[in-house]
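The next block holds one structure in the form of structure tokens; read it before the comments.
What follows is calculated from the coordinates using simple rules that are stated; it is not laboratory data. The shown structure was predicted, so the numbers you read here are calculated from the model rather than taken from an experiment. No Cβ is skipped: glycine too gets one built from the backbone with ideal geometry, and neighbour counts run over all protein chains shown.
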Amino acid sequence: MYRPIRSILSGALLFFFVICPVFMSGSNKENYISFKSRTPLILYNSPANTVVKSAQDLICEEAAFLYDSLRLQKLGLRKEALEYALKGYKKLVKNEVLPNDSVLSICDFSQSSRKKRLYVIDLAHKKILINTYVAHGKRSGKEFAWSFSNKPESYKSSLGFYITRNTYQGANGLSLNIDGLEQGINDKAFERRIVIHSSTYVGKRWLKENEFSGRSLGCPAVPVNELDQVIYTIKDGSCLFIYHPARSYLTRSNILNG
């Protein structure tokens, strides 16, 4: 008489504690999808519709906003140059390397020297402060730079991240010291006397009579009439990034890949 009742109770308990949770877990499984990408987890069907993004995603989004809002494509700057510059800049800020972290300067040496390829960006107020001409080293190339070096007396430009230092009066007048921050890539900049100075071989007047800008001994030289503005805007601890899509740099940079 009691055996049928025990059987019924056993079956009910089996369904409630074993089978039912399996069905429930299967129905909830669709709410969670994990991706093997830069975005580690996306949560669907939740009230907040939460999306977890990587640091790289956030940098790309910030770069895209600046690139569009400041119309940098129209000014000739490569988008990837801005992305790399922001990535390195943020790492230097995090490591408390930059006393002046409101300004970011980019030399885009992927462009012709006939172009205004120096960009000084006010990141605090989201605006372009300066867009002007800048020279590359005489042995880095003619109209376009393509070869780079960290060696003394190579007369070539060095790529990568720099920090601006103090001003001084030298053979080229008012000049600005810069320190290379990447070992084996640009860390001999001070030894080579790579500085920001002015020259008559850079700018509109020169280009009226010449096919492309004159070249330096490795310094990022700027037009005479804009030197003061450039130097006093970026001096004393801001970030300068000299860019070119050379794999020999992009794959070796500890700032970009560390």
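Taking the average, over residues, of other Cβ atoms within 10 Å as the packing measure, peptides 68-76, 147-155, 114-122 rank 114-122, 147-155, 68-76 from highest down. Summary value for the stretch 55-257: 24 percent relative contact order, contacts being C-alpha pairs under 8 angstrom separated by 6+ residues. The ranking of His136, His197, His244 by Cβ neighbour count inside 10 Å, starting from the fewest, reads His197, His244, His136.
Take the Cα of Asp187, step 7 Å toward its Cβ, do the same at Lys138, and the gap between the two points is 2.9 nm. Kindly flag which residue pairs out of Lys94/Lys156; Lys142/Lys204; Lys151/Lys204 have an alpha-carbon separation exceeding 26 Å in this structure. Going by Cα-Cα distance, Lys94/Lys156; Lys151/Lys204 fall outside the 26 Å limit. Since only Ile121, Ala171, Ser154 are under comparison, the one whose Cα sits farthest along the positive direction of the charge dipole of the stretch 99-174, derived from C-beta charges on Lys, Arg, Asp and Glu, is Ser154.
What net charge do the residues around Pro152 carry, taking every other residue with its C-beta under 10 Å from that of Pro152, with Lys and Arg at +1 and Asp and Glu at -1? Net charge in that neighbourhood comes out at +2. Summing Cβ point charges (Lys, Arg +1; Asp, Glu -1) relative to the Cα centre of the stretch 55-257 gives a dipole of roughly 640 debye.
Length gained on full extension, Val97 to Gln229, computed as 0.36 nm times the residue gap minus the Cα-Cα distance: 45.2 nm. Stretching Glu80 away from Asp68 to a fully extended chain increases their span by 3.0 nm, per 0.36 nm per residue minus the current alpha-carbon distance.
Listed cross-link partners Lys79/Lys115; Lys90/Lys126; Lys74/Lys127; Lys79/Lys116; Lys53/Lys235 are compared with a 24 Å cut-off, the Cα-Cα value being larger for Lys53/Lys235.
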